[in-house]
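Each remark here refers to the structure printed beneath this line.
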Amino acid sequence: MHRKDDCIFCKIVAGEAPSAQVTEDERTLVFMDLFPVSEGHTLVVTKEHFENVFEATPEAIAAVGAMSKRIADALKAEWEPDGLSVYQANGAAAGQTVFHYHMHLMPRDAGSALTLQGRTQAASDVLADQAARIAARLVH
Ligand code: AMP
Ligand code: ZN
């Protein structure tokens, strides 16, 4: 499986950097975004290192899509947000800051600012609690 040594998401996948993990399957890992734009902001990443949608295989993208559906349902069940943004950036010009293919899931409430990037790092115990709440809502 291809990995990139200086990639933070590859380090998280390998267990070499910390994260608040929700779940995983053969091709994907799910953990809380460290700089969340909303409560429950979750990332679905490929276990293999692909820089973006152009490098990723159709199989990896399909796996991220299937996992994103499971996480979306769990977020809806747990937080009952007014809306949910599902978002994926390719290239710095598109707002990508971590160059390892991943999908954002961001619960949204009516009237809240529609930002894509958080500025405040969340506390690890808060993220661990949210990860457990999402994991407990996974139904399929
Ligand atoms: P993007 O800007 O679309 O490439 O998304 C990268 C996301 O990764 C941002 O929302 C960051 O807050 C998040 N992020 C960066 N480093 C970490 C980390 N160590 N653990 C969890 N999330 C991270
Ligand atoms: Zn990587």
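The values are calculated or read from the model by the stated rules, or taken from the named source; none is laboratory data. In this text the structure is predicted, and so the values were computed from the model without any measurement. In case anyone asks, the SASA skips ligands and DNA or RNA and just uses the protein heavy atoms, side chains included. Shrake-Rupley method; radii C 1.70, N 1.55, O 1.52, S 1.80 Å.
Against the chain, whose longest principal axis comes from its Cα atoms, helix 58-79 is set at around 20 degrees. Accessible surface calculations at 1.4 Å, restricted to protein heavy atoms, place the stretch 1-65 at 51 Å² per residue. Each pair of Cα atoms in the stretch 58-140 enters the Kirkwood radius, and Stokes-Einstein at 4 °C and 1.567 mPa s then converts it into a translational diffusion coefficient of 91 µm²/s. Here are some pairs, Lys47/Lys76; Lys11/Lys47; Lys47/Lys69; which of them have Cα atoms lying more than 21 Å apart in this structure? Too far apart for the 21 Å limit: Lys47/Lys76.
Compute the acute angle (0 to 90°) between the alpha-carbon long axis of helix 124-136 and the principal axis of greatest extent of the alpha-carbon atoms of the chain; round to the nearest 10°. Taking Cα atoms only, the helix is inclined about 90 degrees. For the set Ile8, Ile134, Ile61, the ranking by accessible area, highest first and with no ligand, DNA or RNA atoms included, is Ile8, Ile61, Ile134 under a 1.4 Å probe. In the chain, helices alone account for a calculated mean residue ellipticity at 222 nm of -9500 deg cm²/dmol, with every DSSP H run of four or more residues adding -39,500 (n - 2.57). Under 5 Å between amide hydrogens, built in the peptide plane, is the criterion, and for Phe31 it picks out Val22, Leu43, Val45 among residues at least 5 positions away or on other chains.
Considering all C-alpha pairs of the chain, those separated by over 27 Å amount to 13%.
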